[in-house]
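These notes concern the structure reproduced below.
The values are calculated or read from the model by the stated rules, or taken from the named source; none is laboratory data. Bear in mind the structure is a predicted one, so any value in this text is a computation, not a measurement. Note that each Cβ is placed from the backbone with ideal geometry, even for glycine, and that neighbours are counted across all protein chains shown. Heads up: the accessible areas ignore ligands, DNA and RNA and are worked out on the full protein's heavy atoms, side chains in. Shrake-Rupley method; radii C 1.70, N 1.55, O 1.52, S 1.80 Å.
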Amino acid sequence: MFKNGPEYEQRLARPFVPPTITLKQLHDAVPKHVLQKDPLRSTGYVLRDVFFCILFFAFGASIEPIIASSFWGYLPLTSTWHVSLARTTLWLVYWWWQGIAFASFFCIGLGHGTLYRSWWANNILGFLLDTFVLAPFFAWKVSHNAHHKAVNSIERDENYVPHLRSHYKLPPKERATTADYAEVLEETPLFTMVRMFVMQAMGWWLYLTYNALGSKMYPKGTNHFSPYSALFKKEQRLGILMSDLGLIGMMSLLYLFARSYGWSALLKYYFVPYVLCNHCVLSFTVMITFLHHSDPTIPHYRKEEWSFLRGAAATVDRPTLGWIGRFFFHNVAHDHVAHHFFSHVPFYNQPAVTEAIRGVLGENYNYDSTNTFYALYRSFTECVFIEDEGSIVFYKNKYGIAVREVAEGTVAAIKEAGWAQEKQDELSDSELASVAAAYE
């Protein structure tokens, strides 16, 4: 269980060569019918997510009556510890599944306009679902779509941007010693777990409020709540204000709920699942998004080697939580490579896109069957910093070692053969229009 998947080991053994295929080749490989939106089917999935959320709320409301009736008389609870064990078990079951249901609202992809042809349908439903789980829909939509445009670009990406060697004030790699790395980066396993907890428990809100692990190109104080934040253009400010008002409205409803039913009820029914959805050690949202782009075998690019195709290929498909991830997280982890190439495609067609592009990408298609929780620990401890120079770089660990190297000779030959970002990313006008629609 706690070992590297075979696909990860294969990448470790293979010096990295960036993809040279073109974006047009990928688009030509995907059947055109899978690019289409099916409004009826999309509505079915939205209703399904809402149904399960309501179902789990109903289950939570039935916990105390179930215990009082000793499971309708089928399981007598004859002592205090029986009652305590039953109550704890049922609430843990509720929190787990409701946290997953909350995450489904966030993962369904309405911010990309993937479910409906109507701008209004995508944005109204996205606003309502995201606001329910206290996510600023329009603000997140702006920064997340910007991330898609510049994924894995060291200069321009929006989130999970690696720290540089200079960030830790480490000596140059030519002079750095084991003692230098140990002095700055060495830590006890307990402290590592504490840092992981901080990232999982507060990473989402630290990113939204302080741009933690966000792009270095923005000034201090950049956040997702001010309409005048450097993240947003003038024409986007109304949407940011609406997001803020939505959050205020939702928090007001939660306050009224607590006044009517008690703060304990708010904690049990809403807050714990919310924490599980967005935070905590088992945080689904933070864990999934971190692992998409933080992996010791996946490169980051500087502008001279970056292209949209190369950046989009530099992510990993993972079978996160198995069928649960497929069903509730809408393929966002299982088909994340396809999601970056075709973010305008409905999630229910992404498995077909993955099948179509996997053969075209060849060795540059990244999949990892490593247990997700082990992969989280591995990436957290191995993805420490990158070098301040180098056009293609990999994360280095606390010993200053990268587990994968670049095939420099092959990269030089690719450049000499005439590789250019514009040629690799070139698409027809109709293809460009469909891609641009995903970022409106």
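Tell me which of these VAL316 doesn't satisfy, since it passes every other one: (1) crowded, with 24+ Cβ neighbours inside 10 Å; (2) out of contact with any Asp or Glu (no Cβ under 9 Å at 6 or more places or on another chain).
(2)
Here's a check for you: in segment 37-49, which residue that is out of contact with any His (no Cβ under 8 Å at 6 or more places or on another chain) and buried (at least 17 other Cβ atoms within 10 Å of the Cβ) is farthest from PHE327 (Cα to Cα)?
LYS37
Can you name every residue in segment 18-31 that is crowded, with 17+ Cβ neighbours inside 10 Å and either free of Cβ contacts under 8 Å to residues at least 60 places away in the same chain or under 25 Å from the mean Cα position of the chain (by Cα) (or both)?
The answer is PRO18, PRO19, LEU23, LEU26, HIS27, VAL30.
With the requirement that a residue be within 15 Å of the chain's Cα centre (by Cα), of a type in the set (S, T, N, Q) and open to solvent by 10 Å² or more (accessible area, probe 1.4 Å), what does segment 146-170 give you?
Hit for segment 146-170 is ASN159, nothing else.
Only one of PHE328, PHE308, PHE385, PHE394 is closer than 23 Å to GLY109 by Cα, open to solvent by less than 20 Å² (accessible area, probe 1.4 Å) and either of a type in the set (Phe, Trp, Tyr) or touching a Cys at 6+ places or on another chain (Cβ under 6 Å) (or both); which?
The match here is PHE328.
Evaluate the following for TYR74: is it of a type in the set (Phe, Trp, Tyr) and farther than 21 Å from ALA61 by Cα?
So TYR74 fails the test.
Look through segment 64-90, keep the residues that are in a helix (DSSP H, G or I) and surrounded by 15 or more Cβ atoms within 10 Å (Cβ to Cβ), and return whichever of them is nearest to the chain's Cα centre (by Cα).
LEU90
Please specify each residue of segment 219-246 satisfying the condition of being charged (D, E, K, R) and more than 10 Å from PRO136 (Cβ to Cβ).
LYS220, LYS233, LYS234, GLU235, ARG237
Would you mind stating whether VAL34 is aliphatic (A, V, I, L, M), under 24 Å from the mean Cα position of the chain (by Cα) and open to solvent by less than 50 Å² (accessible area, probe 1.4 Å)?
yes
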